[in-house]
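Here the structure is laid out as structure tokens; the discussion comes afterwards.
The values are calculated or read from the model by the stated rules, or taken from the named source; none is laboratory data. Source: prediction; values computed, not measured. Using ideal geometry, Cβ is built from the backbone for each residue, glycine included, and neighbour counts are taken over all protein chains shown.
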Amino acid sequence: MAKDLNFSCSECGAAFRKWSGQCDACQSWNTISESKALSSGPKGKSLGAIRGNAIPLTDLDTQEQEPPRTEAGVGELDRVLGGGLVKASALLVGGDPGIGKSTLLLQAAARFARNGLKVIYISGEESNAQVQMRARRLGLEKSPVMLASETNLRDILTTLEEEKPDLAIIDSIQTMWADNVDSAPGSVSQVRSSAHELTTFAKRNGMAVIMVGHVTKEGAIAGPRVVEHMVDTVLYFEGERGHQFRILRSVKNRFGPADEIGVFEMTGKGLAEVKNPSALFLSERGPPAPGSVVFAGIEGSRPMLCEIQALVAPSPHSQPRRSVVGWDGGRLAMIMAVLESRCGVPFTGLDVYLNVAGGLRISEPGADLAVAAALVSAREDAALPAEAVVFGEISLSGALRPVVQSENRLKEAQKLGFTTAILPQQAKQPSVEGLGLRHATDLAGFVEEVFGAR
Ligand code: TYD
Ligand code: MG
């Protein structure tokens, strides 16, 4: 045990118990001096006096080379990755079981392989035959992707060290089993140590690793969030089971913007990218109906229009129902409270249902005004003009706040044939040709102007 090593060599850093004229380690003379311990703390638990190597320091100005990236050639995927897959990085792709993670990654593997990367796909869940069957269904059986069905982490790392791939895909991290950890695969400690081993291996060997993680009911990647902290990029693959749309969302990205999304459609032949999601999300919209409002939203860097639907009906229950799909329930309660107390539009004794069409999940507060419009429209049984989009944030006082990227939202609306936009008043009003703007400063004014209600 390293105890009381209070002398160290200034040349090589070796630590000694007592002073001497020559360093035993590097043979230099007169380099040993008494030094304070590196850290203080209980003996045996702190770093003590032993010195490590000095790290070379640099300034902020020196340009380090950007890490090399490889594009998949699938726009929706590359954008979410921040412009391609970065060498020596670790990614986590989370999602509900059955949402299409294995399908997405097999397709991505084939793309990267075609673009010159050496790719190994390791499945801990399916046999080689099952993966090959999926590959045939996707028309990818001729892709130069190497395949293995294995869960033993030691064997996997040995193989990766020998093969030296550019990209390894681990499907899934919950099935991995490190033989030095004394618990079952899928347990927190197994997941944590497998992810740590794979991540450090990837960094050391210049390999990119993509790990699949199943999400628990509560939405956290099982084996708690420790894995999210270890990796460079965390992507979530989301979607509603009954819908064919799938959204790949970056929630953390050290090499690109977070909150960027890619939209895909699950077809009989795997995932197809959706280049114009607004058109797709609005394609199922019928003639103008009460309770239906088109929201001009922003997801990451791209504008996206979608339909918000509300239904308000007299409740047979003593406690009326409030049901939300695709939006935040707490936020809905807040907007109903503002409508009630600032605009005199009560919802007592009424059931309220809110739905974002197409299985989309919206989280930006910019949807407040569209939600309020849908609620009032449903309650008053008055449809909004069909060619109008709505966006804006509502504050508790009932005032409307402008939102980011108004101009992009308006341009997208204009591109899709809308002629009117209803938005909050703001200092520098954007203008888009062919689009009439209607401004409102507060919610009460908006309700009165649009619906003529109280
Ligand atoms: P999968 O990738 O196995 O999901 P995960 O790995 O996230 O558990 O995908 C499962 C679903 O995708 C399954 O219900 C079938 C469907 N699917 C298609 O609709 N088309 C296809 O071409 C493929 C391969 C799967
Ligand atoms: Mg799978």
Query - Residue under evaluation ARG246, criteria (1) away from ligand 2 (no atom under 16 Å from the Cβ); (2) closer than 30 Å to ALA208 by Cα, criterion not met - result: (1)
Query - Residue count, region 403-448 (criterion: assigned to a helix (DSSP H, G or I) and of a type in the set (Ser, Thr, Tyr)) - result: 1
Query raised in the report: Within the bounds of region 55-67, is there any residue that is under 46 Å from the mean Cα position of the chain (by Cα) and within 30 Å of THR175 (Cβ to Cβ)?
Result: yes
**Report entry** Every residue from region 106-117 that is away from ligand 1 (no atom under 13 Å from the Cβ) and either surrounded by 24 or more Cβ atoms within 10 Å (Cβ to Cβ) or more than 18 Å from LEU167 (Cβ to Cβ) (or both)
**Finding:** PHE112
Report summary line: GLY206 vs (1) within 16 Å of ligand 1 (Cβ to nearest atom); (2) under 21 Å from PRO67 (Cβ atoms): all pass except (1)
Report task. Return the total of residues in region 339-391 being within 21 Å of HIS439 (Cα to Cα) and basic (Lys, Arg). Result -> 1
**Report entry** Unique residue being in contact (Cβ under 8 Å) with a residue 24 or more places away in the chain and within 16 Å of ligand 1 (Cβ to nearest atom) when the list is GLU126, GLU150
**Finding:** GLU126
Query raised in the report: If you check ALA113 against the conditions, is it closer than 30 Å to PHE237 by Cα and either touching a helix residue (DSSP H, G or I) at 6+ places or on another chain (Cβ under 6 Å) or within 16 Å of ligand 2 (Cβ to nearest atom) (or both)?
Result: no
Requested in this report: Scan (1) surrounded by fewer than 18 Cβ atoms within 10 Å (Cβ to Cβ); (2) under 24 Å from ALA357 (Cα atoms); (3) more than 16 Å from ligand 2 (Cβ to nearest atom) for the single condition GLY206 breaks and write down its number.
Outcome: (2)
Query raised in the report: So which pairs qualify, if the first residue must be in region 250-267 and part of a loop (DSSP other than H, G, I, E, B), the second must be of a type in the set (A, V, I, L, M), the Cβ gap must be under 7 Å, and the two must be at least 6 apart or on different chains?
Result: PHE255/VAL86; GLY256/LEU81; ALA258/VAL251; GLU260/VAL80
Query raised in the report: Which condition number does ALA90 fail, the rest of (1) modelled with pLDDT under 90; (2) under 29 Å from VAL145 (Cα atoms); (3) away from ligand 1 (no atom under 16 Å from the Cβ) being met?
Result: (1)
Requested in this report: Only residues that are within 16 Å of ligand 2 (Cβ to nearest atom) and within 19 Å of the chain's Cα centre (by Cα): list them for region 267-286, please.
Outcome: LEU271
Query raised in the report: Right, LEU5: within 16 Å of ligand 2 (Cβ to nearest atom) and in contact with a Lys or Arg (Cβ under 8 Å, 6 or more places away or on another chain) or not?
Result: no
Query raised in the report: Can you name the residue in region 318-364 that is part of a helix (DSSP H, G or I) and charged (D, E, K, R) and is also nearest to PHE281 (Cα to Cα) among such residues?
Result: ARG331
Report summary line: Exactly one of ILE170, ILE120, ILE156 is within 16 Å of ligand 1 (Cβ to nearest atom) and surrounded by 15 or more Cβ atoms within 10 Å (Cβ to Cβ), and that residue is ILE170
Query raised in the report: Within region 12-24, can you find the residues that are touching a strand residue (DSSP E or B) at 6+ places or on another chain (Cβ under 9 Å), surrounded by 15 or more Cβ atoms within 10 Å (Cβ to Cβ) and assigned to a loop (DSSP other than H, G, I, E, B)?
Result: ALA14, CYS23
Query - Among the residues listed as THR103, THR58, THR31, THR62, the single one being within 16 Å of ligand 2 (Cβ to nearest atom), surrounded by fewer than 21 Cβ atoms within 10 Å (Cβ to Cβ) and β-branched (Val, Ile, Thr) - result: THR103
Requested in this report: Name, by its number, the condition in (1) under 22 Å from SER283 (Cα atoms); (2) in contact with an Asp or Glu (Cβ under 8 Å, 6 or more places away or on another chain); (3) of a type outside the set (Val, Ile, Thr) that does not hold for ALA388.
Outcome: (2)
Report summary line: Filtering region 71-100 for residues that are assigned to a loop (DSSP other than H, G, I, E, B) and surrounded by 23 or more Cβ atoms within 10 Å (Cβ to Cβ) leaves a count of 2
Query raised in the report: Among all residue pairs at least 6 apart or on different chains, which show Cβ distances below 6 Å where the first residue, located in region 49-76, is among the polar types (S, T, N, Q) and at pLDDT 85 or above and the second is surrounded by 10 or more Cβ atoms within 10 Å (Cβ to Cβ) and outside any loop (DSSP other than H, G, I, E, B)?
Result: THR70/LEU85
